[in-house]
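We did not get these values from a lab; they are worked out from the coordinates using the rules stated. On a predicted model such as this, the values are computed, not experimentally measured, just so you know.
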Amino acid sequence: MKLRNYLILCAAGSLLTVLTLVLVPSVGVTIESELIAFLSTNAN
């Protein structure tokens, strides 16, 4: 995969994730709680 295609894919994935977090509250809460749980278990 070329670098340009990879960057476009990453940007599209990031944009889709942000829009999902903003527009679908239940999914946003779920992702947020999983992220907090992951960070709290891996904190030093």
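Rounded to the nearest 500, the 222 nm mean residue ellipticity of the chain from helices alone is -30500 deg cm²/dmol, with -39,500 (n - 2.57) taken per DSSP H run of at least 4 residues. For the chain, a Kirkwood radius taken over Cα pairs fed into Stokes-Einstein (25 °C, viscosity 0.890 mPa s) yields D = 203 µm²/s.
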